[in-house]
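S.K.: To start, I am sharing the structure in question, which I have written as structure tokens.
The values are calculated or read from the model by the stated rules, or taken from the named source; none is laboratory data. The model shown is predicted, which means the values in this text are computed figures rather than measured ones. Cβ placement follows ideal geometry from the backbone for every residue including glycine, while neighbour counts extend to all protein chains displayed. Note: areas computed on protein heavy atoms with side chains; ligands, DNA, RNA excluded. Shrake-Rupley method; radii C 1.70, N 1.55, O 1.52, S 1.80 Å.
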Amino acid sequence: MDALKKKIRTIPDFPKSGIMFRDITTLLKDGDGFHDAADALLARYRPMQIDLVAGIESRGFIIGGVLAYELSVGFVPLRKKGKLPAKTASASYELEYGTDTIEAHVDAICPGNRVLLVDDLIATGGTAAAACELIEKLGGEIVECAFIVELPELQGRQRLGARPVFTLVSFEGE
Ligand code: AMP
């Protein structure tokens, strides 16, 4: 996992002062790196019974799409407000200033579906917690929340309560 970590670029002070932006585009453009990251997640999820992969817009679509394809299950996009064309359900989460909302089609997840939630990174966990609430509102059961990167200092795992969390690499004070 150290090799994967080295392929993730850090941009200090993006999008604003004080934020260390962990940029996975450098991992994605590296064929071996992208493959190894996907394989590490697949090794974990192949033995689990998963009905659907749900990815958070937008970087969660990239890795989530690969996992859904390889697991031969469907993919559900969780999108920012106003992007999905059919009837939606939503969940909101706090930002530093104001709130944001994510949406899913109400028919995207059926009661009892076992769902793997995927995003590139967990920071405070606010986005993922809202995604979990949305999935659960539709009757889905979260099998696990998977991320390439974790920022443990921001305690995102705690925000997700008892839901299992799996991450490939973590950045602490670097
Ligand atoms: P949070 O809701 O605080 O867990 O933030 C997670 C979402 O914001 C993910 O979709 C990430 O892509 C993005 N994000 C938050 N902090 C960072 C960071 N330091 N570097 C890259 N992406 C970030």
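S.K.: Once you charge only the Cβ atoms, +1 for Lys and Arg and -1 for Asp and Glu, what is the size of the charge dipole of the chain about its Cα centre, to the nearest 20 debye?
M.R.: With Lys and Arg at +1 and Asp and Glu at -1, about 280 debye.
S.K.: Using a 10 angstrom cutoff on alpha carbons, build the Gaussian network for the chain and name the most mobile of I148, I63, I11.
M.R.: Of the options given, I11 has the highest mean-square fluctuation.
S.K.: For the chain, with a Gaussian network of springs between Cα atoms less than 10 Å apart, report the residue from L67, L42, L95 with the top mean-square fluctuation.
M.R.: Per the Cα network of the chain with a 10 Å cutoff, L95 tops the list.
S.K.: What is the Cα centroid distance between region 65-103 and region 45-64, reported in whole angstrom?
M.R.: 12 Å
S.K.: Amide H to amide H under 5 Å from D23: which residues, 5+ apart in sequence or cross-chain, H placed 1.01 Å off N in plane?
M.R.: Here R9, T10, I11 satisfy the definition.
S.K.: Oh, and also: Restricting to DSSP loop positions (anything but H, G, I, E, B) with no more than 16 other Cβ atoms inside 10 Å of their own Cβ, which trypsin sites (Lys or Arg not before Pro) remain in region 1-104?
M.R.: K16, K29, K81, K83, K87
S.K.: Would you mind calculating the relative contact order of the chain from Cα pairs under 8 angstrom and at least 6 residues apart, reporting the percent as a whole number?
M.R.: 18 percent
S.K.: Given the rule -39500 (n - 2.57) for each run of at least 4 DSSP H residues, summed and divided by the residues of the chain, what is its mean residue ellipticity at 222 nm, to the nearest 500 deg cm²/dmol?
M.R.: -8500 deg cm²/dmol
S.K.: State the percentage of accessible surface on region 49-170 attributable to carbon and sulfur atoms; use a 1.4 Å probe and exclude ligands, DNA and RNA.
M.R.: Within region 49-170, the accessible surface is 49 percent carbon and sulfur.
S.K.: Does region 86-140 come out rounded, prolate or oblate, given a ≥ b ≥ c as the square roots of the eigenvalues of its C-alpha gyration tensor, rounded meaning a/c under 1.5 and, failing that, prolate meaning a/b above b/c?
M.R.: It comes out oblate by the Cα gyration axes.
S.K.: Classify the chain from the C-alpha gyration tensor, please: rounded if a/c falls under 1.5, else prolate or oblate depending on whether a/b exceeds b/c.
M.R.: oblate
S.K.: Give me the percent of DSSP beta bridges within the chain that run antiparallel, rounded to the nearest 5.
M.R.: Counting only bridges with both partners in the chain, antiparallel ones make up about 35 percent.
S.K.: Taking Cα centroids, how far is region 1-31 from region 121-171 in Å?
M.R.: 19 Å
S.K.: Accessible area per residue for the chain in Å², computed with a 1.4 Å probe and the full protein assembly in place, what is it?
M.R.: I get 50 Å² per residue for the chain.
S.K.: Another question, then. Among Y45, S92, A68, pick out the residue whose Cα is farthest towards the positive end of the charge dipole of region 1-134, where Lys and Arg carry +1 and Asp and Glu carry -1 on C-beta, about the Cα centre.
M.R.: The one lying farthest along the dipole's positive direction is A68.
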